[in-house]
Amino acid sequence: QVQLVESGGGLVQPGGSLRLSCAVSGLRFGSYAVAWYRQAPGKQRESVADITSGGSTNSVDSVKGRFTISRDNAKNTVNLQMNSLRPEDTGVYCCKVVAGRLSFWGQGIQVTVSS
């Protein structure tokens, strides 16, 4: 059974930092791309950043220079380091693994940026 479990969310002030982690089990983690998505209140879910099995990364323009995605294949985890957080970064963050034609999602974790 494939499981994705996010951790590291919470409440942070504008300008602060959080580090999200996604622990993956039940598949050959190192073979697949992983992505972080977020959904803000009243908005559609959007892709934030992704990383291929080879370590190439991509991110949406609004987080470039502030968010960094990385993976640790030995620990089956993907991390999202989020710096210089803004109120508009508030939302539920989910990780996704794309395994061929299948996609697996975590349950999501809340990130709130507010003073």
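The values are calculated or read from the model by the stated rules, or taken from the named source; none is laboratory data. Given the structure is predicted, the values throughout are model-derived calculations rather than measurements. Note: ideal-geometry Cβ built from the backbone for every residue, glycine included; neighbour counts use all protein chains shown. The protein model used for the area step is the full one, side chains on, heavy atoms only, and it has no ligands, DNA or RNA in it. Shrake-Rupley method; radii C 1.70, N 1.55, O 1.52, S 1.80 Å.
Data for the structure
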{"read-out": "Residue that is nearest to the chain's Cα centre (by Cα) [pool: residues in region 81-103 that are open to solvent by 20 Å² or more (accessible area, probe 1.4 Å), charged (D, E, K, R) and under 16 Å from Q39 (Cα atoms)]", "value": "K96"}
{"read-out": "Out of V5, V48, V24, V34, sole residue that is surrounded by fewer than 19 Cβ atoms within 10 Å (Cβ to Cβ), among the hydrophobic types (A, V, I, L, M, F, W, C), in contact with a strand residue (DSSP E or B) (Cβ under 9 Å, 6 or more places away or on another chain) and in contact (Cβ under 8 Å) with a residue 40 or more places away in the chain", "value": "V5"}
{"read-out": "Selection within region 53-80 - touching a Phe, Trp or Tyr at 6+ places or on another chain (Cβ under 9 Å) and open to solvent by less than 50 Å² (accessible area, probe 1.4 Å)", "value": "S59, V60, F67, I69, R71, N76, T77, V78, L80"}
{"read-out": "Matching residues, region 5-42, being at pLDDT 95 or above and basic (K, R)", "value": "R19, R38"}
{"read-out": "Flag if V111 is part of a strand (DSSP E or B) and at pLDDT 95 or above", "value": "yes"}
